[in-house]
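The values are calculated or read from the model by the stated rules, or taken from the named source; none is laboratory data. A quick note: this is a predicted structure, and the numbers were derived from the prediction, not measured. Every residue, glycine as well, gets a Cβ built from its backbone with ideal geometry; the counts of neighbours run over all protein chains shown. Each accessible area value is taken on the protein alone, full model and side chains, heavy atoms only, with ligands, DNA and RNA left out. Shrake-Rupley method; radii C 1.70, N 1.55, O 1.52, S 1.80 Å.
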Amino acid sequence: FLVARAMQNKSAPGEANLLSFQVASSMTLPSLYPASLIFIYNLSQALGPAGPVPISGADAGAFCSVNDAVPRYGTWDGQGTLILQVAKGSSGAGLTAGRIYSFEFTVHNPYPMYGQSSPMVNIAAQMGSFDQWPLRKVDTPAGDAAVLNVLRTAFAALNITDQTNVMGLQNQITVSLIANVDLVAQSVFTLTGISGVSTEGVNVSQIVLSTNTEYTYLAIPVSWSQSAGGMSVYGPWNLDNGTLEIPVPTFVPAYTPVSFTFQLNNGVQSQVAQTLSISATYLAPVGFAQKVLQMQQAGFSSKFLNQTSRFSNEINNLTVYFVLNSKIPTAEIQNVQVTATLNVDFTVDPQFSSSVLAFIDNTQLGSPGYNIIRMRPLVGLTSGVRYSFSFTIRNPSPPVLVPSTLYWPAAPTRKDLFIGFRYYTFGASVYNMLVPDSSITEGIQVESPALTVVAGTQSSSYPGGPNTIQVDFRLNYSPPLTTSPMIIFSEMCGIALTAATSVSLVDVNTGFPATVGTLQVGRTLSECPFLTISLAQQSPSVTLIAGRKYSFSFGVTNGFLAISSNTYLSMNTSIGNVPRVLAKSSLSASAQRPSSLCSLPTYGACSADEPCSCFSADPISIMTPGFFTRYISQSTSRPNQANLITVSVAINVQIQIMYIQGLVGSLTPGKGLDLAYDQITVTDTDPVHGRTAEAFSSFGWWTQDIGQLRLRQLPGPQGPPGHHFFL
């Protein structure tokens, strides 16, 4: 043969595959009796019964079957060889030498579990009774077009899931898959590696499917579904080696998604997750990527607690959230009780609320004892879903302190709360722990009495000036009036405070003022004043509500010494006439107030000539007496000329006398000055703005040798500290 080449159009296993050939011989192959024959060898593993095979293509009419000479047919021996007889043409000439003849025929690809490479296909011819020609290799392209190059049978998609990993509960296993081959009816899927389970309690048909005395087979119901719809089949289950066979109920075309589901009981022993394998007719065994059949004690995936109040002696609404790691089916809920156990010795108010649990009762055991709330599920509970129930308690009061103890403990009181599931299988009083009691990490938190918000500000830090102090605070506890609660503001060093000081206490939440009339002013051992507000002695009395914000303010007079005093706010109570510090906090440590306050200049923005006057807002802070601004300039430097000296000052304290010194070298002799006659003006504004106001007396004194001008400030208010004067 001068030319012998072939190719295919399908490479998937089991598919109908059209093989296309082109041949040309070096001499004419006659069709006269005995007719010439063409042999195509080694089409190995191609499927098809022995007998006539239809021939198609451009030159199909040049061939016929052997012996019976049926036109456009060849003869397939069923073993990988196709024989073509040269058909009788109108002239009887047969196949012309050198001409390329094209023809096609169809075979079915095999089902190689591991794939098949293209075999070496050969071609030969025989003329009448002469010997057969030597074999000639048929050329074929590379890749999928190579003759009988067949892909492996495989699962294009494969997934397995189970429903619960709790020991002893019924488990549902679902397998989803897509095969790349056709699945004929009654072919079989085989699952292996199913260990640690049983069929006890599962609805199975006790039909013996095998008479093998070594094994007992049970038919397990299997729900089968595919694109054509759902149906049920029965799969033989081998109790000894954990193998389940699932028959394919109907023809399934390649690449059709299918799934099947069956139920077994989890065993009563824990085990790690298992890797199952699956195989099928024409499909090699393969392990699932997902592991299933892990078995463990039922428990909580997560659980946590929310509470509405952490204050002592307050109503507290508790909500418990939990997520199970397993399913509690609806059929079992009549045997299940949920318990919440609190290690507290106060009564639980059974104001119960839940959409999935029903309240049974609440009992208290021991003294002090445990409060146990019993509930039952209203519906089946699913793993991975968050459920909740709520009930109400009253938080305990602060513990009574022994006489030697002055302060309440800083750490909050923590009460444990346990939650568990009990499974009653043998009677009302006998149960198994389905989900063991487990404590919730957060527990019930009850704070010790404390000042949760403390902030203080002052209106001025100028020496000797008036100052208004404001203190904001919030308590996490409502002290009863019977304990004689008192607010104490102490360590106010550097200020003057009298018993006539007026204090206004305001509920910031409502804005309602309560004028406090009974005060006690004293001094500590450090000689620093303190202020005491006795709430029980007010008329009417003032009860502080936990969580509310309060504010009180009062006026003081700053001293003249620079100071930074760390003030404290305390809330004291008395137990048996013994004072106790309920809570104490430093104001300077608070970040809930401004760090400084500033007053702007008389005109415009801050500048180098007239900067802003800033002072600390921390009570109590007093500046060192001095100047904010000291600025001097002259109008001329020429000798023997009248020179206008301009001075700008800003002072943080009220003064009586001001000296301007160092103006040496002046020709003006020392003398008393009439400021108006000697053309000297003192104003409290920038002269360029045209405003003047007398701030100093009209008489001054000039001393030539030391260059000093002495001025006396007029009595009365000439502007607050920090005000700017120009001379």
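In region 512-540, what residues are of a type in the set (Gly, Ala, Ser), open to solvent by less than 50 Å² (accessible area, probe 1.4 Å) and modelled with pLDDT of 60 or more? Spell out how you get there, then give the answer.
Keep residues of region 512-540 that are of a type in the set (Gly, Ala, Ser), which gives 514, 517, 522, 526, 534, 536, 539.
From what is left, the residues that are open to solvent by less than 50 Å² (accessible area, probe 1.4 Å) are 514, 522, 534, 536.
534, 536 - these are the residues of region 512-540 that are of a type in the set (Gly, Ala, Ser), open to solvent by less than 50 Å² (accessible area, probe 1.4 Å) and modelled with pLDDT of 60 or more.
Among the strands (runs of 3 or more DSSP E) lying completely within region 121-195, list those that include at least 1 residues that are open to solvent by 30 Å² or more (accessible area, probe 1.4 Å) and closer than 19 Å to residue 13 by Cβ.
Numbers: elements: 122-126, 155-162, 170-179, 188-192.
Once the strands (runs of 3 or more DSSP E) in region 121-195 are filtered for at least 1 residues that are open to solvent by 30 Å² or more (accessible area, probe 1.4 Å) and closer than 19 Å to residue 13 by Cβ, what remains is 155-162, 170-179, 188-192.
Annotation: of all residues in region 452-500 being hydroxyl-bearing (Ser, Thr, Tyr) and part of a loop (DSSP other than H, G, I, E, B), the one that is surrounded by the fewest Cβ atoms within 10 Å (Cβ to Cβ) is 498.
Which residues, counting only those in region 1-26, are closer than 19 Å to residue 122 by Cβ and either in contact with a His (Cβ under 9 Å, 6 or more places away or on another chain) or in a loop (DSSP other than H, G, I, E, B) (or both)? Spell out the reasoning first.
If we filter region 1-26 for residues that are closer than 19 Å to residue 122 by Cβ, which is where we start, we get 1-8, 17, 19-26.
Once the filter is applied, which keeps residues that are closer than 19 Å to residue 122 by Cβ and either in contact with a His (Cβ under 9 Å, 6 or more places away or on another chain) or in a loop (DSSP other than H, G, I, E, B) (or both), region 1-26 yields 1, 2, 17, 25, 26.
Could you check region 73-109 and list, in sequence order, the residues that are surrounded by 20 or more Cβ atoms within 10 Å (Cβ to Cβ) and free of Cβ contacts under 8 Å to residues at least 60 places away in the same chain? The answer is 73, 74, 75, 76, 82, 84, 85, 86, 87.
Considering each of 398, 377 in turn, give the residue that is in contact with a strand residue (DSSP E or B) (Cβ under 9 Å, 6 or more places away or on another chain) and modelled with pLDDT of 80 or more. Before you say what the answer is, go through the steps one by one.
Numbers: 398 fails: modelled with pLDDT of 80 or more.
Just one listed residue meets the conditions, 377.
Among the numbered conditions (1) polar (S, T, N, Q); (2) over 30 Å from residue 315 (Cβ atoms); (3) modelled with pLDDT under 70; (4) open to solvent by 40 Å² or more (accessible area, probe 1.4 Å), the only one that residue 613 does not meet is (4). Of the residues making up region 453-487, those that are farther than 30 Å from residue 625 by Cα and over 44 Å from the mean Cα position of the chain (by Cα) number 6. Every test in (1) on the phi > 0 side of the Ramachandran plot; (2) surrounded by fewer than 18 Cβ atoms within 10 Å (Cβ to Cβ) is passed by residue 293 save one, and that test is (2). Taking the numbered list (1) closer than 22 Å to residue 700 by Cα; (2) under 60 Å from the mean Cα position of the chain (by Cα) in turn, residue 673 passes all entries but (2). Among the residues making up region 311-326, those that are closer than 23 Å to residue 480 by Cα, of a type outside the set (Val, Ile, Thr) and either surrounded by fewer than 16 Cβ atoms within 10 Å (Cβ to Cβ) or at pLDDT below 80 (or both) are 311, 312, 313, 314, 317.
For region 551-583, which residues satisfy the criterion of being modelled with pLDDT under 75 and part of a strand (DSSP E or B)? Result: 573, 574, 575, 578, 579, 580, 581, 582, 583. Just one of the listed residues (62, 46) is touching a residue at least 24 places away in the same chain (Cβ under 8 Å) and over 60 Å from the mean Cα position of the chain (by Cα), and it is 62. For residue 426, the criteria (1) modelled with pLDDT of 75 or more; (2) part of a loop (DSSP other than H, G, I, E, B); (3) open to solvent by 50 Å² or more (accessible area, probe 1.4 Å) hold in every case but one, which is (1). Check whether at least one residue in region 439-451 is farther than 22 Å from residue 480 by Cβ, surrounded by 14 or more Cβ atoms within 10 Å (Cβ to Cβ) and modelled with pLDDT under 75, and report yes or no. Taking every residue of region 439-451 in turn, none turns out to be farther than 22 Å from residue 480 by Cβ, surrounded by 14 or more Cβ atoms within 10 Å (Cβ to Cβ) and modelled with pLDDT under 75.
Figure legend. Inter-residue proximity from region 472-484: first residues of a type in the set (A, V, I, L, M), second residues open to solvent by 30 Å² or more (accessible area, probe 1.4 Å) and assigned to a helix (DSSP H, G or I), beta-carbon distance below 7 Å, spacing 6+ or different chains. Indicated pairs: 481/536.
When the residues of region 645-680 are narrowed to those that are of a type in the set (Gly, Ala, Ser) and within 19 Å of residue 705 (Cα to Cα), which ends up modelled with the lowest pLDDT? Write out each step before concluding.
Here is the first cut: in region 645-680, the ones of a type in the set (Gly, Ala, Ser) are 648, 650, 662, 665-666, 670, 672, 676.
In the following step, the residues that additionally are within 19 Å of residue 705 (Cα to Cα) were identified as 662, 665-666, 670, 672.
Numbers: 662: 90, 665: 89, 666: 90, 670: 87, 672: 81.
Here the residue is 672.
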